[in-house]
Amino acid sequence: GVAVPQSKGYSCDPSPDVKAELKKIDKVGDEDLPYKQRRERQLTMSQELLKKHPDDYHVRKRYLDMRNSGFDSDKDALIAEYRAQMEQRPNDPAAAYLYARLIIGRNTKEAIEKMEKLIANSPDFPQPYIGLAQIYAYPNFRDAAKSKENLKKWIAKCPESNGALQLLR
C-alpha cells in the first residue's frame, strides 16, 4: 500500500526509544509482585517516561491507560483532568483524542463527535480513525460499514502498524 507521510510528528507507532521504554514497563507485569506494588511501580515508571517525553502521544496514552485501569481508578477525576488538558491545549489533537477515549461508555456520542472533529481539523493525526473503528464495533454502536471504513483509513495512514489487528475480524 501507499503510506501517507506523517507530519507534525504524529506517528502510528512509538519511536524505537519509546517502544523500548514501554516494554520495560510491561515487563514489570511479569514480575512476581503483589498487584498493588506492581501497579505502583508501573505508574512510577510511566510518570518518569512522561517527564522525558511530555508531548509523545504514545507515552501519554499509555500513562492514561495505566491510570484508567485498576480497581482504584477514579474515572470521574480522570475525565475532569483530561477535559481540562484538552481545554488548555486546544491545538493539541492528542489531548482531545485522549479525552474522547475516556468518555467512551459514558458519553460515546460526544466521543464520536470529538473524533470526527479531530479528523476534520487534524487530518494528519491518525488515531481517531482507529478510535471510531473500535466504537463502531461495540454492540450499542455497531455499524460494520463505518467500522470498516475507518479501519481502512487507519491502515492507509498506518500501513505498517499492528495497532488494528484486533479489529481485523
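The values are calculated or read from the model by the stated rules, or taken from the named source; none is laboratory data. Worth saying up front: this structure is predicted, and the values here are computed from it rather than measured. With ideal geometry, Cβ positions are generated from the backbone for all residues, glycine too; neighbour counts draw on all protein chains shown. Each accessible area value is taken on the protein alone, full model and side chains, heavy atoms only, with ligands, DNA and RNA left out. Shrake-Rupley method; radii C 1.70, N 1.55, O 1.52, S 1.80 Å.
Brief remarks follow.
- Looking across the stretch 70-79, just one residue is under 20 Å from Ile25 (Cβ atoms) and within 15 Å of the chain's Cα centre (by Cα), and that is Leu78.
- Whichever residue in the stretch 16-69 is within 17 Å of the chain's Cα centre (by Cα) and outside any helix (DSSP H, G or I) and, among such residues, is surrounded by the fewest Cβ atoms within 10 Å (Cβ to Cβ): Pro54
- Test result for Tyr82, surrounded by 13 or more Cβ atoms within 10 Å (Cβ to Cβ), of a type in the set (Phe, Trp, Tyr) and under 12 Å from the mean Cα position of the chain (by Cα): no
- In the set (1) under 16 Å from Tyr57 (Cβ atoms); (2) open to solvent by 50 Å² or more (accessible area, probe 1.4 Å); (3) of a type in the set (Asp, Glu), Glu87 fails one condition alone, (1).
- Members of the stretch 120-147 that are touching a residue at least 24 places away in the same chain (Cβ under 8 Å), surrounded by 19 or more Cβ atoms within 10 Å (Cβ to Cβ) and of a type in the set (Phe, Trp, Tyr): Phe125, Tyr129
- Options Leu98, Leu49, Leu43, Leu22: the member that is hydrophobic (A, V, I, L, M, F, W, C) and touching a Pro at 6+ places or on another chain (Cβ under 7 Å): Leu22
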